[in-house]
Amino acid sequence: MNPFYRNIRAFWGDVDPFYRNIRAFWGTVDPIVSAQVVGAPAYDKVGPFWEDLGNDWSALSANWEAAGSYESNPTKYAAIATQLRGIVAKSETMWGKAVSAKTGTTFSKGFAERLFTRFGIDPNKPESLAALTPAEQSHFFIDWYDGLMDYSGTDHADHWMKTVNWTPSLTQVQGDGKDAVIGLLDFVVAGDQDIRNNVIAYDGVSNFTNGHGAGVASLMVAAHDGKGVMGIAPEASVVAFNPFDESGTAGWDDITRGVAMLSGKAGVVNMSLGTPGWTLESDWSKVFSSPGVAANLKSTVFIKAAGNDGITQTQNIKWDWANNPALLVVGSVDPTGKISEFSNRPGEACLLTSTGACSEQNKLKYRFVVAPGELILVSDDQGGVTRQTGTSFSAPIVAGTVALLLDRWPWLASNPQATVDIITSTAKDLGAPGVDGVYGAGLIDVEAAQSPKSFNQLVWYQWDGKKSAEKSVDLVQKTVDQAKTSKWDSKDMFFYAFEKLAGGSQRDFAIPLSSKLVDQTLYVNGANEQFQAYLYDRMVDWVNTSTPTKGKFTNFITSATPVQNRMGLNLSMSFAPRSAAFGFSRSGVAYQSSVRLATPSDKFGVRIGYGDGAVLLGGRDSFGMFSSYDSRTGGVNPVLGIASGGAYAGADVALDGKTTLTIGGTEKTLTRDWRNAPALENSLYRGVNRYKASGINIGVTHRVNEAMLVSASYTRVGERSALLGVQSLDQNDLGDGSTTEGATLGLDYELGHGLSVATSATVGRTQTSNGSHQNLSVSDGGLLSTASEVAFVKAGIFGRMDRARLSFSQAMHVESGSLDYTVIKVVNRNTGDIGPVTEKIGVSAGKRPLFTEFLYGAPILNGAGEMSAFGRFQLQGTSQDAFDSGMVVGGRFRMGF
């Protein structure tokens, strides 16, 4: 028997998906641990560097491959040498300090010249470049990448990680494999002390080694320590057995002895070896039927490499179904997910019964999955790294994934077939639809394997801090939908979900909807476990594809972030782009944010933030758009909107299960931007003070029943040197500012069939702060203003998943009142004496400003993206009230990492 690995030179050239798209996996598998390396470049600059250098290499490679012989094209080789020197120069600029600090010499002597010598080339001698084949050229660039990454101070991110949907943070959440034991049937690990630290037991035929065992083991258990390879389960224990003699071959007796030893101690055994010409030979059934192995079949998963002959198995296999193991055979795919040319395949080969019968489910392809196996970065067993190709390096990716399952759910060790079912049922389908003879069940998906196979099949329980209660799937979907669009941090804390598995076992999932619990440790039944924060996005995707949302459109995106504190407070954050402030200058970041802290029961919470606080302080989930609170376009408490745009803070108290009291304050400070104004206007307006406003809002909401919610609020806003947003060139006109008080009533009602309506009406009264000390003041009785808005929301119009919102609003409109304007004028027409005169000016606001706004959203690409449409039109009013009108159509695409 031979180990299934080799440096297959024919595949060195087939690496375009890797070296030309290095940034594809940067940022999605960021290493958690960083080592201190003097002179190392900033980590956020490394990805863009390789993307840029990859483009340079692509151009060089195209010229190099087409150059032909040096004798026929010396000019081309001279140009190629120039391109290569350019790559060296860029690399030295980025990595020179780190190389010099570590090697004590120059970048050229400490790194570049060594690699040039290894490949027999010299960038100053163009004729030397002609000696390299296209495969060796690609090999050179990958070694250039791997060599420089040794100076990065971080673990190496590799292409396979993105392909199988794995990140170091996922491993951390799942427990790092610390409670799992992996069996390694392979060559001795001799020089890699990192891996040897995980080995708790060893036996074998000899101490012969060639680095293969270390390479395989590194993909499973290499430490996340800021250097080299990252394993999927870095803290898993390893029991090892070497079945190979000094010649590097093994016999079935030694294989059987090794499998018996490993299966008695480990929950998963990796076997990257086999007989050439077979994907799975019948002798393996004899191994599993041997007494020492058969006794452990109910507690062990076996992972076997498929082999590197490029064959499709046609021979059926005599199988002992009385001793049927939980077995997975693993083939190889390239970085694009295409089956590797060297990888053996299951075909339609069948595991026969004792009578020679074959049923469809007994075919080998149902026990077959694939994982990346080309140019995989592994340990070289000498303290460094190397790249190897073969199904030997596909198998440990699957074994590491199983180790994570056994760590998170230790009881799966007693139901290994259920573990195999999890792997195959969550694999990504490749090739022909369904299980096929090339890819089997498909490409392993590490995150999917750690997640529920189907949310629809889960049994749900809600924990309220005192007791648990079963929840219906519909209620779960409704709650998650609310969580996405509004105050989800004040909803249920989290759900316990249980997944029933074959054989009577189950998996539990603690899926946080309360921000307090994300990525924090939970003490459950005597064991510390991590909440599976990565499940939240998967759960939201399930809701998106299961039921239409309620269509509560909002500018804010609310997300959870971990907070560790002794008081046990919940924390949530909301983010949104900063809204436009036409005619005013702004600095700082382009986003606004809000933070909310609440007690575990959510009966009391406080919120602080910066930006359009009216949306979050207004207490109306149904009106989540900034435009609804803008005094120029919106009809939902535009009084509060006047002071919204800067720092704000608020608190909410649940008086009982149906009534909530809220109180909050907000402020806004704006500086007018006249830089692009004509010179005359620029000089005139420079004297205008900053616009400043501040306000408070006190509100109460009461849920009458499941369908109806009523609300009321009182708002008071003070403007400094302004009146309803208007300032004067003369600072004496509105020097003491104004105060506006408003009362708002609202009603939300669910009409059924996905249709709901929300209404709001505001009445305001504005007075000047001190009319005797400013030229322009409001007459007795004040200015009476109104605003209103009604919105209709419908989910499931053209399909179950789309949603639309149609609103009609009357923006703030002054109904009555007058201004007292004090001016200096001639008071005596006979004498020409002048003096102050106060004139009463009736306020005429013209036609009511009426707007309609339409929003529509529908998922596309099976939920991977969303098509959104937006339109706002002015129906009536003066032209200055209309801005950004028209229809805008756009699409959004998102990618999970």
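The values are calculated or read from the model by the stated rules, or taken from the named source; none is laboratory data. Bear in mind the structure is a predicted one, so any value in this text is a computation, not a measurement. Ligands, DNA and RNA are stripped out before the accessible areas are found, and what is left, the full protein with its side chains, is counted by its heavy atoms. Shrake-Rupley method; radii C 1.70, N 1.55, O 1.52, S 1.80 Å.
In the P(r) worked out for region 160-450, what percent of Cα pairs fall beyond 24 Å? If you can, show how the numbers build up before the last one.
On the way: 18352 of 42195 pairs.
Considering region 160-450, 43 percent of its Cα-Cα pairs are separated by more than 24 Å.
Taking a ≥ b ≥ c as the square roots of the eigenvalues of the Cα gyration tensor, an a/c ratio of 1.5 or more together with a/b no larger than b/c marks region 276-410 as oblate.
Output the relative contact order of region 34-150, whole-number percent, from Cα pairs under 8 angstrom with separation of 6+ residues.
Details: 90 pairs, mean separation 35.1, N = 117.
Rounded, it is 30 percent for region 34-150.
For Gly204, nonlocal amide neighbours, meaning residues 5 or more places apart or on other chains whose placed amide H falls under 5 Å from its own, are Asn242. Normalised by 2.2 N^0.38 Å, where N is the number of residues, the C-alpha radius of gyration of region 34-150 stands at 1.09. Placing Tyr591, Tyr610 in order of accessible area, with the largest value first and a 1.4 Å probe, yields Tyr591, Tyr610. Coupling constants for region 430-436 follow from the phi torsions by the Karplus curve (6.51 cos²θ - 1.76 cosθ + 1.60, θ = phi - 60°), and in residue order they are 10, x, 4, x, x, 5, 9 Hz; glycine and proline get x. Take every DSSP beta bridge whose two residues both sit in region 311-429; close to 45 percent of them are antiparallel. Anisotropy class assigned to region 605-671 is oblate, per the alpha carbon gyration tensor with a/c at or over the 1.5 cut-off and a/b no larger than b/c.
Express in whole angstrom the spacing between the alpha-carbon centres of region 112-156 and region 196-259. Result: 30 Å between the Cα centres. For region 120-188, taking Cα atoms only, Rg and Dmax work out to 19.0, 57 Å respectively. Computed as a quarter of the hull surface, the mean projected area of the alpha carbon convex hull for region 151-310 stands at 10.2 nm². With every protein chain present, what accessible area does Arg257 have (1.4 Å probe, heavy atoms only), rounded to the nearest 10 Å²? Rounded to the nearest 10, the figure is 110 Å².
Distance cut-off 24 Å, Cα to Cα: go down the list Lys178/Lys365; Lys428/Lys453; Lys500/Lys603; Lys125/Lys227 and report the pairs above it.
On the way: Lys178/Lys365 32 Å; Lys428/Lys453 12 Å; Lys500/Lys603 35 Å; Lys125/Lys227 34 Å.
Exceeds cut-off: Lys178/Lys365; Lys500/Lys603; Lys125/Lys227.
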